[in-house]
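Participant: Provided herewith is a single structure, encoded as structure tokens, for subsequent inquiry.
The values are calculated or read from the model by the stated rules, or taken from the named source; none is laboratory data. As the structure is a computational prediction, the values presented were derived from the model and not from experiment. Virtual Cβ from ideal backbone geometry, glycine too; neighbours counted across all protein chains shown. For the accessible areas, the whole protein counts, side chains as well, though only heavy atoms, and no ligand, DNA or RNA atoms are used. Shrake-Rupley method; radii C 1.70, N 1.55, O 1.52, S 1.80 Å.
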Amino acid sequence: MLKRTKPSHLFSRPLLALTLLFFLHGGHNACAQTAPTPGETLFLTWHDDPTTTMVAQWLDLGRLPAAMPGTSANASIALPKLPDTLHMDGHGEDWGTQGLRLDYLAQANGQWPDPTGFLATAKLGWTSKGLAVLVHVLDDEATESPNDEALWEADSIELFLGQGLGRSRALQIVLAPGIDPEHPKIRAQTLALAPRRMPQDLVVQAAAVKTEQGYTLEALIPWSNLPEINPKLNATFAFQLMINDVDGPFEKETFTWYPDTNSYANRHAMHTLRLAQEPDTTVRLMVKPRLDEELNQIVLDLGGEPRLIGETVTVQSGSKKLGSVTLENVLGFAGAVMPLPTDAQGTVPRVDAITVQLDDRIIARNLLPNSIWYVDPTPQAATVQLTTPTQTDPLAYASEAVPFGQTGWYVHRVSLTGLSPDTEYHLAVPDGVEKEDIQVKFKTAPATLDQPLVFAEGGDVGTSDAVPLLHNQAAAWDPLFGFVGGDCAYANGVKPKKWLAFLKHWHDNMVTAEGRMIPMLAIIGNHEVDGSYGKTKENAPFFYALFGPLYPNKGTYQT
């Protein structure tokens, strides 16, 4: 059994009325993604009187167009029940014919697999104890990372489990098989991706064996790692599987099940699994949408196992047939490109999920990346609802949406006024993708200082892997607010994904043990500006989009 080692406390808590906590800075952009959502970037800040006003802000890509009717019927994939007697020895012989078969996994970069050097298949299932995973890897050269804190850099298997698509609570498990002679034992790295709200003692049972052509790895992920998952029939959770390979000086190759690799940052880049008795598909083929610039049309790229060459498959969304296509021989695998049908106005309806059928058998269920459907996003107001624990009728506020530089993203801002001092409120914000609202809990400032005032203060934050740990230390003190005195995201006015990562770190980790979101106060620094010192507001488009309206006629300072 492999267990995560808990980090030691950076410092102990003294009894002080006023506490200053300083953050460190690092330059690594740990979690970039292309489609920000409220569920990842929502944060609170103060404006004017903090006893009676709170401002909620988030980044968004705009509203998705309406989905094709019935498309949600394909959104979950049945995960079959396996016996509790399954033995995790790395061989997988007791699986037999059981499990959800993933017979074809695709390279995330769009390239076709190399059947002589790197190939992978997998099986999935569930028991009352946890999620079971069996992976067979063809690998002609074993190269594993020497860094126990970065196993994903070389030969490894990554598993992502989350409470649901787009939800913050998720965990990442990275397993290095121990096949490399330099690293002869299996190693595990477990990461709670929203650690303030998750168990810290993450556990995984895993074993691997070397084969003539590569290795086989078997793992059981106990349900205790993610308490939100109730291991009963029809329970759902988010999941992604990635297999990494490095051969000598060549770049890392990655096979994925969901057709994207940024599950670490984007909780929508995963499939939804539903606990069932039997599987409802065998994954023999994968589908990914893309905008074909020559055709100026969204098409589906289909790729599948060699046995499908020459077969004609039918692609459906819900009960609607999107089309049929014959799979051709592409470098020894089955492949095809299928344009999506358009309506009378020439618009492609949004397709969230599809099935692919061969005769009467389903050979693929695919969730599709949302970002492809944002063809011409426009800023639209979102309505949020505010309640107190004793108030039953919520108050409605509409957001203001303004461009976030030239990114195509928007900043949504809601100013909540007329609040009571030292009072807890609940805010419901539509997340733009999921049906459920995002629930946020916050507290206004007290009108008097009868009690000690605790806040977190620092600067030079950045987006390194150390930032969540430091945020968690700060949040553990239950501060009333957090102050960032410049050099927030180190975006230098030209790197919007840095802001995305910075806000995501804050959203996931600057939360108290009781679930209260900690407001941010931010001041501009030279690393918010393209060209550093002596420039204009136009050289700091991201900072001013987020904080400029909070400093009317005051430059960039506030009292």
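Participant: Out of region 86-115, which residues are free of Cβ contacts under 8 Å to residues at least 60 places away in the same chain and touching an Asp or Glu at 6+ places or on another chain (Cβ under 7 Å)?
Facilitator: The one that is free of Cβ contacts under 8 Å to residues at least 60 places away in the same chain and touching an Asp or Glu at 6+ places or on another chain (Cβ under 7 Å): HIS87.
Participant: What single numbered condition from (1) modelled with pLDDT of 85 or more; (2) over 30 Å from GLU278 (Cβ atoms) fails to hold for ARG361?
Facilitator: Just one mismatch for ARG361, condition (2).
Participant: Residue by residue through region 437-472, note down the ones that are closer than 30 Å to ALA382 by Cβ and among the hydrophobic types (A, V, I, L, M, F, W, C).
Facilitator: The answer is ILE438, VAL440, PHE442, ALA445, PHE455, ALA456, VAL461, VAL467.
Participant: Follow-up question, since we're still on this one. Please enumerate the residues belonging to region 332-348 that are closer than 22 Å to TYR258 by Cα, hydrophobic (A, V, I, L, M, F, W, C) and open to solvent by 40 Å² or more (accessible area, probe 1.4 Å).
Facilitator: VAL337
Participant: Still on this structure, I have one more. Inside region 268-292, can you point out the residues that are touching a helix residue (DSSP H, G or I) at 6+ places or on another chain (Cβ under 8 Å), under 20 Å from ILE243 (Cβ atoms) and not in a strand (DSSP E or B)?
Facilitator: Answer for region 268-292, where residues must be touching a helix residue (DSSP H, G or I) at 6+ places or on another chain (Cβ under 8 Å), under 20 Å from ILE243 (Cβ atoms) and not in a strand (DSSP E or B): just ARG284.
Participant: Considering region 202-237 alone, what residues qualify as being open to solvent by 70 Å² or more (accessible area, probe 1.4 Å), hydrophobic (A, V, I, L, M, F, W, C) and not in a loop (DSSP other than H, G, I, E, B)?
Facilitator: Passing the criteria: none in range.
Residue by residue, here is whether (1) among the polar types (S, T, N, Q); (2) surrounded by 15 or more Cβ atoms within 10 Å (Cβ to Cβ) holds:
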site	(1), (2)
GLU424	no, no
ILE438	no, yes
LYS443	no, yes
ALA447	no, no
LEU453	no, no
ASP460	no, yes
SER464	yes, yes
VAL467	no, yes
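Participant: I would also like to ask the following. Which residues, taken from region 298-329, are assigned to a strand (DSSP E or B), closer than 18 Å to GLY110 by Cα, open to solvent by 40 Å² or more (accessible area, probe 1.4 Å) and in contact (Cβ under 8 Å) with a residue 24 or more places away in the chain?
Facilitator: Once the filter is applied, which keeps residues that are assigned to a strand (DSSP E or B), closer than 18 Å to GLY110 by Cα, open to solvent by 40 Å² or more (accessible area, probe 1.4 Å) and in contact (Cβ under 8 Å) with a residue 24 or more places away in the chain, region 298-329 yields only ASP301.
Participant: Considering region 238-251 alone, what residues qualify as being over 24 Å from ASP94 (Cβ atoms), in contact (Cβ under 8 Å) with a residue 12 or more places away in the chain and either loosely packed, with under 15 Cβ neighbours inside 10 Å or among the β-branched types (Val, Ile, Thr) (or both)?
Facilitator: Within region 238-251, VAL246, GLY248 qualify.
Participant: Another question about this same structure. What's the number of the condition VAL283 fails, among (1) of a type outside the set (Lys, Arg); (2) more than 26 Å from LEU124 (Cβ to Cβ); (3) at pLDDT 90 or above?
Facilitator: Of everything listed in (1) of a type outside the set (Lys, Arg); (2) more than 26 Å from LEU124 (Cβ to Cβ); (3) at pLDDT 90 or above, VAL283 misses just condition (2).
Participant: Let me ask you something else. If GLY531 satisfies every condition in (1) open to solvent by 20 Å² or more (accessible area, probe 1.4 Å); (2) of a type outside the set (Lys, Arg); (3) in contact with a strand residue (DSSP E or B) (Cβ under 8 Å, 6 or more places away or on another chain) but one, which is the exception?
Facilitator: Looking at each condition in turn, GLY531 falls short on (3).
Participant: Could you list, in sequence order, all residues of region 84-131 that are in contact with a Gly (Cβ under 8 Å, 6 or more places away or on another chain), open to solvent by 30 Å² or more (accessible area, probe 1.4 Å) and more than 18 Å from ASN244 (Cα to Cα)?
Facilitator: Scanning region 84-131 gives a single hit, GLN98.
Participant: When the residues of region 410-441 are narrowed to those that are at pLDDT below 85 and hydrophobic (A, V, I, L, M, F, W, C), which ends up nearest to MET510 (Cα to Cα)?
Facilitator: Per the criteria, the residue is ILE438.
Participant: While we're on this one: Scanning region 330-343 for residues that are part of a loop (DSSP other than H, G, I, E, B) and under 20 Å from LEU367 (Cβ atoms), which turns out modelled with the highest pLDDT?
Facilitator: Out of the qualifying residues, it is LEU340.
Participant: Related question: Of all strands (runs of 3 or more DSSP E) completely enclosed by region 454-559, which ones contain at least 1 residues that are more than 27 Å from ILE438 (Cα to Cα)?
Facilitator: Hits in region 454-559: 456-458.
Participant: Within region 132-141, which residues are hydrophobic (A, V, I, L, M, F, W, C), under 19 Å from ASP247 (Cβ atoms) and buried (at least 21 other Cβ atoms within 10 Å of the Cβ)?
Facilitator: Selection gives VAL135, VAL137.
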